[in-house]
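Asker: Here's a structure for you.
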Amino acid sequence: MMLAITAAFLTGTLAHPLDSRATSSSSAATAKITSAAAFTSGAGNKDPSSILSTGVGKGTDSYSCYSGSWESFPPSSKWVSFDAMWNKTTSYLKESCANTGAFGPGDSQAQIDAMYDSIVKVSEASLVDPRFIFATILQESSGCVNIDTSKNPDPSQPDNPGLMQSVAGVKFVGNSASASAQAASIHQMIVDGVQGTAKGDGLVQCINQYGNIYEAARCYNSGEVNKSNLNDPQGATPSYVNDIANYMTGWLNANSKWGSCKK
């Protein structure tokens with residue numbers, strides 16, 4: 001049975017090309033959360049591997065509407081655990097490419113395993129909550145490792161490739177590459193999205209600037225943030241922050257209700 005596609009595709013768009021993101025101010029290999037506010041809000045954790053099972057279980061696969069400032073979105077006490085978020089997607093990821101225009105129906109088991117390992121490792125290196133990393137992957141690419149690169153309409157600006165549609169990062173090396181090369185490619189795609197590239201910021205830089213995942217999500221998608229209205233797309237994807245909030249609380253296959261949400 002065909003699984004429901006993610007909200008990014010339900011709204012007819014991938015994440016918008018991120019030409020407004022700033023040039024990354026720290027080396028991607030070492031970038032990590034330093035914001036005290038981030039550790040309070042849940043965006044960061046000083047020992048991410050210790051919280052993989054922390055959360056409200058698997059949550060509810062439904063779509064809710066949120067609007068306004070980041071305080072109006074679900075707090076970390078309402079987030080599902082990373083393990084629950086991951087476990088409900090094991091079948092989903094095997095069909096994740098079917099509606100994206102990318103090559104093949106979805107990810108292989110080896111690619112899925114490499115994605116899991118890389119999320120955990122990059123979370124440990126960056127101190128970004130692994131749930132936010134995975135939610136961003138689902139939003140940006142449906143978790144399809146073969147996702148196409150989003151071309152920037154401004155030829156002077158970089159394109160957005162890979163699992164997290166990073167700024168001028170790497171794209172997947174391809175299914176014909178060796179298992180080790182594929183795993184390394186998956187890892188680097190996640191590094192680029194989380195820790196940033198030489199051409200633009202990742203989740204770390206946005207979290208350090210804003211201190212919470214919701215403003216950071218708008219920063220990552222749009223490059224600009226209207227703090228009083230996170231549904232203001234700033235030229236990018238209007239539903240982006242709502243979608244992230246719903247992934248964090250258990251959404252995956254249920255129909256998006258974004259059309260009825262307050263903009």
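Every number here is computed from the coordinates shown, using simple stated rules; none is lab data. This is a predicted model, so every value here is computed, not measured. Don't worry about glycine lacking a Cβ; one is built from the backbone with ideal geometry, like all the others, and counts go over all protein chains shown.
Asker: Which pairs break 23 Å Cα to Cα here: Lys171/Lys199; Lys151/Lys171; Lys46/Lys227; Lys78/Lys257; Lys88/Lys257?
Answerer: In this structure, Lys46/Lys227 exceed 23 Å between Cα atoms.
Asker: Take the alpha carbon atoms of the stretch 196-250, find their center, do the same for the stretch 28-97, and report the distance between the two centers in whole angstrom.
Answerer: Using only Cα atoms, the two centres lie 14 Å from each other.
Asker: Could you point to the residue in Val128, Trp79, Gln205 farthest towards the positive end of the chain's charge dipole, with +1 and -1 charges on the Cβ of Lys/Arg and Asp/Glu respectively?
Answerer: The residue sitting farthest along the positive end of the dipole is Trp79.
Asker: Still on this structure, please answer the following. Fully extended, how many nm does the chain gain between Ser260 and Glu224 (0.36 nm per residue separation, minus their Cα-Cα distance)?
Answerer: Gain on stretching Ser260 to Glu224: 10.5 nm.
Asker: Test of understanding: ordering Lys263, Lys171 by Cβ neighbours within 10 Å, fewest first, what list do you get?
Answerer: Final ranking by Cβ density, sparse to dense: Lys263, Lys171.
Asker: Here is a further query. Amide H neighbours of Gly44 under 5 Å, counting only residues 5+ apart in sequence or on other chains, H built in-plane at 1.01 Å?
Answerer: Residues meeting the amide H criterion: Phe39, Asp129.
Asker: Positive end of the charge dipole of the chain (Lys, Arg +1 and Asp, Glu -1 on Cβ, about the Cα centre): tell me which of Ser49, Cys144, Asn160 has its Cα farthest that way.
Answerer: Of the candidates, Ser49 comes out farthest on the positive side.
Asker: Which option, (1) 19.3, 61; (2) 20.6, 68; (3) 16.3, 47, is the value of Rg and Dmax of the Cα atoms in Å that was calculated from these coordinates?
Answerer: Of the labelled values, this structure produces (3).
Asker: Can you tell me the order of 180-192, 249-261 when each peptide is scored by its average per-residue count of other Cβ atoms within 10 angstrom, highest first?
Answerer: Taking the mean over residues of other Cβ atoms within 10 Å, the ranking is 180-192, 249-261.
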